[in-house]
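K.L.:
Would you mind keeping the following structure in view while I ask a few things?
The values are calculated or read from the model by the stated rules, or taken from the named source; none is laboratory data. All values reported here derive from a predicted model rather than from experimental measurement. A quick note on method: Cβ atoms are made from the backbone with ideal geometry, for glycine too, and the neighbour counts reach across all protein chains shown. Areas reflect the complete protein model, heavy atoms only, side chains present, ligands, DNA and RNA absent. Shrake-Rupley method; radii C 1.70, N 1.55, O 1.52, S 1.80 Å.
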Amino acid sequence: MENLPLSKPMVGGDGDHSYAKNSTYQGGAVDAAKSLISEAIIEKLDLKTLELDTSKTFRIVDLGCSSGPNTFFAVQNIIEAVEQKFLLSEQQNPSALEFQVFFNDHYDNDFNTLFKSLPQSRHYFAVGVPGSFHGRLFPNSSIHFVHSSYTLHWLSKVPREIVDGNSPSLNEGSVKCNRFVKEVIEAYSTQLKNDMESFLNARAQEVVHGGLMSLVIFAIPDGMPFADTRPGVVFGILHSCLTHLAKMGIISEEKVTSFNVPMHNLTPKQLEALIQTNGNFIIERMEKLGNPKKHVLLSSKGFASMMRAILGGFIREHFGNEFVDQIFDHFTTKIEENYSIFREKGLNMVDLFILLKRVVS
């Protein structure tokens, strides 16, 4: 069995380094997408093709839900829009409508914290669905609306080639895609292409004909290398931090060389081409989101805490739990030393909103 780093869930719980306490930027995208999702449902949701069963149950899934609270806001936005759509339809009785919401993430996601924090006033039946969204999760034609935010830049695994010491694709000098090595870029891009294909094919079987899927994707501006973005700078600082700790003898150089994050970002044009080539969904809408949190510059400590909420699981698994505090303490110091770069670079990544509609065959 191949021993390659797999995607991991965000840090659970409600502590200082948890995703629940360090995901305000992602929450900003949920706020920004609210009106777009509402408009999409009102304009594009065709109630006649949805195949609602006799119980009038509308099924929603959030893929990559983590442990809250952003997923609850996203779900509520969708439900309110669907109810409004039913009210506007002369042939549908909204009072007979019920909602079933599936919250999906990795098997080791903190579902306990998620369900402990479910809104008390919710008007839907909640279900946890553990498993990778790169494969099938639901029966054929059972889901009416799919939502997923800040998830599709995660790969199902690190590409095999970049950890092979005999391969020209060996990813040295970086913890993410190295822009200077053509073979590394190709390995990451191929992995993401295969993962996106699997994702779209799985959803094509699960979503009813005419069903909708809203995606918020962290993308690279067309023509800009990832290394020139603020997140790119962050991953560069993380690598220099790990290298410095290895030189100090705190962690091994071998561990640093073999550490790669299973994450890759494409441009809007590349994503559009992948979706169109797949052919199972029509792109109804694709535009940049105006995230209100985009220009809120966190303190070095706050930024390091956010990165720990995202990468803490990978760091713990690869280097060992006993080194997590040391690594992120050093990372915080490095962020502080390079803080001016954040102001110079700005957050020039793209929060991309994509609305897809299942092709009616």
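K.L.:
Grab the eigenvalues of the alpha-carbon gyration tensor for the stretch 66-138, scale each by 5, take roots, and send me the semi-axes largest first in whole angstrom.
P.N.:
With the √(5λ) rule applied to the stretch 66-138, the semi-axes are 27, 15, 10 Å.
K.L.:
In the stretch 197-351, what percent of the accessible surface is made up of carbon and sulfur (1.4 Å probe, ligands and nucleic acids excluded)?
P.N.:
Here carbon and sulfur together make up 50 percent of the probe-accessible area.
K.L.:
Ok, one more. Any idea what the dipole of the chain comes to, in debye rounded to 20, about its Cα centre with Lys/Arg Cβ at +1 and Asp/Glu Cβ at -1?
P.N.:
Around 360 debye, computed over the chain.
K.L.:
Here are several values of mean projected area of the Cα convex hull in nm²: (i) 22.9; (ii) 18.2; (iii) 19.2. Which one was derived from the coordinates shown?
P.N.:
Computing mean projected area of the Cα convex hull in nm² and matching it to (i) 22.9; (ii) 18.2; (iii) 19.2 gives (ii).
K.L.:
How far, in nm, would the chain grow between residue 297 and residue 254 when pulled straight, counting 0.36 nm per residue and subtracting the alpha carbon separation? Please list the in-between numbers first.
P.N.:
Values: separation 43, 0.36 × 43 = 15.48 nm, distance 3.41 nm.
Full extension from residue 297 to residue 254 adds 12.1 nm.
K.L.:
Distance cut-off 32 Å, Cα to Cα: go down the list 56/269; 8/48; 56/116 and report the pairs above it. Walk me through the numbers on the way to the answer.
P.N.:
Numbers: 56/269 38 Å; 8/48 39 Å; 56/116 28 Å.
Long pairs (Cα-Cα over 32 Å): 56/269; 8/48.
K.L.:
Same structure again: Using the C-alpha gyration tensor of the stretch 103-153, what are the square roots of 5 times its eigenvalues, in whole angstrom, with the largest one first?
P.N.:
For the stretch 103-153, the semi-axes come out at 20, 16, 11 Å.
K.L.:
Here is the link list: 21/247; 176/334; 157/301; 301/334. Which ones come out longer than 22 Å on Cα distance? Write out the running numbers ahead of the final one.
P.N.:
On the way: 21/247 33 Å; 176/334 18 Å; 157/301 29 Å; 301/334 10 Å.
Flagged as over cut-off: 21/247; 157/301.
K.L.:
Using helices alone, I'd like the mean residue ellipticity at 222 nm for the chain: each DSSP H run of four-plus residues gives -39500 (n - 2.57), total over residue count, nearest 500.
P.N.:
So the helix-based figure for the chain works out to -13000 deg cm²/dmol.
K.L.:
So how much accessible area does residue 141 have, in Å² to the nearest 10, using a 1.4 Å probe?
P.N.:
50
K.L.:
Calculate, for residue 272 and residue 98, the FRET efficiency according to 1/(1 + (r/R0)^6) with r their C-beta to C-beta distance and R0 30 Å; round to the nearest 0.05. Can you show the working numbers first?
P.N.:
Details: r = 35 Å, r/R0 = 1.18.
The value I calculate is 0.25.
K.L.:
Follow-up. Mind checking which helices in the chain clear 18 Å along their axis (Cα) and have mean Kyte-Doolittle hydropathy of -1.0 or more, DSSP H runs only?
P.N.:
24-44, 70-88, 182-206, 230-247, 300-319, 324-337
K.L.:
Amide H to amide H under 5 Å from residue 138: which residues, 5+ apart in sequence or cross-chain, H placed 1.01 Å off N in plane?
P.N.:
Here the answer is none, since no amide H 5 or more places off falls under 5 Å of that of residue 138.
K.L.:
So, for the stretch 22-152, what is the accessible surface per residue at a probe of 1.4 Å, expressed in square angstrom?
P.N.:
Details: 5840 Å² over 131 residues.
Spelled out: the 1.4 Å probe surface of the stretch 22-152, per residue, equals 45 Å².
K.L.:
Moving to a separate point now. Please compute the per residue accessible area over the stretch 157-312 with all protein chains in place, 1.4 Å probe, rounded to a whole number of Å².
P.N.:
Value returned for the stretch 157-312: 42 Å² of accessible area per residue.
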